[in-house]
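Colleague: This is the structure I want to talk about, given as structure tokens.
The values are calculated or read from the model by the stated rules, or taken from the named source; none is laboratory data. Remember, it's a predicted structure, so these values are computed and weren't measured experimentally. Using ideal geometry, Cβ is built from the backbone for each residue, glycine included, and neighbour counts are taken over all protein chains shown. What goes into the accessible areas is simple: the full protein's heavy atoms, side chains included, and nothing from ligands, DNA or RNA. Shrake-Rupley method; radii C 1.70, N 1.55, O 1.52, S 1.80 Å.
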Amino acid sequence: MLTIGVDIGGTKVAAGVVNDDGEVIAHALKPTPADQPEQVAATVAEVVRELAQGREIEAVGVGAAGFVDETRSVVRFAPNLAWREEPLQKKISGLVGLPVVIENDANAMAWGETKFGAGRGQSHVVCITVGTGIGGGLVFDGKLFRGHWGMGAELGHMQVVPEGRLCGCGQLGCWEQYASGNALVIEARQISTAQPERAQILLGLAGGKIEGEEVTEAAKLGDEASLAAFASLADWLGQGMADLAAILDPGCFIVGGGVSRAADLFLDRARETFARQLTGRGHRPLAEIRLAELGAAAGVVGAADLARSR
């Protein structure tokens, strides 16, 4: 059975035809009309029609960055696409003439990684996507956990610092403000301003504007400020996973997202912090912390498989 998975991001709509084994046999990519949310469904329909040409497609799964309701049809809120009570399932299904399932993008990624990637063989998985912010997905007893209203696993919005940094969700001190790509850049900028002598490589690369790519490159070249920013991210990530383990007791954490491409700069330290901060350490097994395997295809593969099992 062939299904199509679609991953709607803030800048691009990625889609692929996926078979029963989780293999992407064809793919397509288009820019996201982020400033025109009413056009997103049309863009999704365009890529679906392109991929469906000459193929027998059973259904379409769509991963969207936002709060998806319990019926997997309405996006209640999406901070990056200005969706509010958006009936996305109805719109896309009407345009493509196929059954459509809508799911949170991090949930789709978690399902893809658990079934076909780094979580294979695991029944209790916490998936953390470390990108611009932090997304999360939970698989318990082999089933995707969505919560009563379909909006569970918004891990990035646990409050870790009361009255801390302002988050895009409107709250203060959320985890993603300290353990994400944005947090990495904020930390590097602050250190380079306060202690420019530690950031000479970074400042030379950045040319006046420090972004994540420059921080990563500078860290690999030994820049002290950049390495310190990655160390901060690692410690916040490890602490957050320890807190989650105290509540959820997973067998495995999977770390993915864009920042995970620089995992060699922070993941070992995050594992060390996790082990040090874990409640009851020394008297309980340590959950594995694995790097995601499917890369950018995880959301597409997961969404496609969820459509298959609708």
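Yes/no per residue for (1) of a type in the set (Gly, Ala, Ser); (2) touching a helix residue (DSSP H, G or I) at 6+ places or on another chain (Cβ under 9 Å):
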position	(1), (2)
151	no, no
157	no, yes
164	yes, yes
172	no, no
195	no, yes
199	yes, yes
209	no, no
236	no, yes
246	yes, no
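Colleague: Collect the residues in segment 210-231 that are of a type in the set (Gly, Ala, Ser), outside any loop (DSSP other than H, G, I, E, B) and surrounded by fewer than 20 Cβ atoms within 10 Å (Cβ to Cβ), keeping them in residue-number order.
Modeller: Within segment 210-231, 212, 228, 231 qualify.
Colleague: Being within 18 Å of residue 134 (Cα to Cα), at pLDDT 95 or above and either in a loop (DSSP other than H, G, I, E, B) or in contact with a Pro (Cβ under 8 Å, 6 or more places away or on another chain) (or both): is that true of residue 244 here?
Modeller: Taking the combined requirement at face value, the residue satisfies it.
Colleague: Sticking with this one: In this structure, does residue 21 turn out to be in a loop (DSSP other than H, G, I, E, B) and within 20 Å of residue 113 (Cβ to Cβ)?
Modeller: Criteria met by residue 21.
Colleague: State all residues of segment 104-132 that are of a type in the set (Lys, Arg) and in a loop (DSSP other than H, G, I, E, B); if no residue qualifies, say none.
Modeller: 120
Colleague: Moving on to the next point. Every residue in segment 133-179 that is open to solvent by less than 20 Å² (accessible area, probe 1.4 Å) and assigned to a strand (DSSP E or B), please.
Modeller: 134, 135, 136, 137, 138, 139, 174
Each row is one residue, and each column tells you yes or no for (1) under 22 Å from residue 139 (Cα atoms); (2) at pLDDT 95 or above.
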| position | (1), (2) |
| --- | --- |
| 250 | yes, yes |
| 253 | yes, yes |
| 258 | yes, no |
| 266 | no, yes |
| 277 | no, yes |
| 287 | yes, yes |
| 291 | yes, yes |
| 303 | yes, yes |
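Colleague: Here is a list of conditions, (1) open to solvent by 40 Å² or more (accessible area, probe 1.4 Å); (2) in a helix (DSSP H, G or I); (3) in contact with a Cys (Cβ under 9 Å, 6 or more places away or on another chain), and residue 290 meets all of them except one; can you say which number that is?
Modeller: Against the list (1) open to solvent by 40 Å² or more (accessible area, probe 1.4 Å); (2) in a helix (DSSP H, G or I); (3) in contact with a Cys (Cβ under 9 Å, 6 or more places away or on another chain), residue 290 comes up short only on (2).
Colleague: Assess whether residue 114 counts as being under 21 Å from residue 261 (Cβ atoms), among the hydroxyl-bearing types (Ser, Thr, Tyr) and open to solvent by 50 Å² or more (accessible area, probe 1.4 Å).
Modeller: When the stated conditions are applied, residue 114 does not pass them.
Colleague: Please list, ordered by first then second residue, the pairs with beta carbon atoms under 9 Å, 6 or more apart or interchain, first in segment 25-50 and part of a loop (DSSP other than H, G, I, E, B), second surrounded by fewer than 14 Cβ atoms within 10 Å (Cβ to Cβ).
Modeller: 32/10; 32/11; 33/39; 33/42; 34/10; 34/11
Colleague: Scan 53, 39 and give me the residue that is open to solvent by 70 Å² or more (accessible area, probe 1.4 Å) and either touching an Asp or Glu at 6+ places or on another chain (Cβ under 9 Å) or at pLDDT 95 or above (or both).
Modeller: Every option except 53 fails the conditions.
Colleague: Being more than 16 Å from the chain's Cα centre (by Cα) and part of a loop (DSSP other than H, G, I, E, B) is the requirement here; does residue 204 meet it?
Modeller: Judged against the criteria, residue 204 is not a match.
Colleague: Additional query: For the structure I just gave you, tell me whether residue 297 is outside any loop (DSSP other than H, G, I, E, B) and open to solvent by less than 10 Å² (accessible area, probe 1.4 Å).
Modeller: No: the conditions fail for residue 297.
Colleague: Now, a different point. Here is a list: 34, 52. Which entry is touching a Gly at 6+ places or on another chain (Cβ under 9 Å) and more than 15 Å from residue 101 (Cα to Cα)?
Modeller: Exactly one residue qualifies, and that residue is 34.
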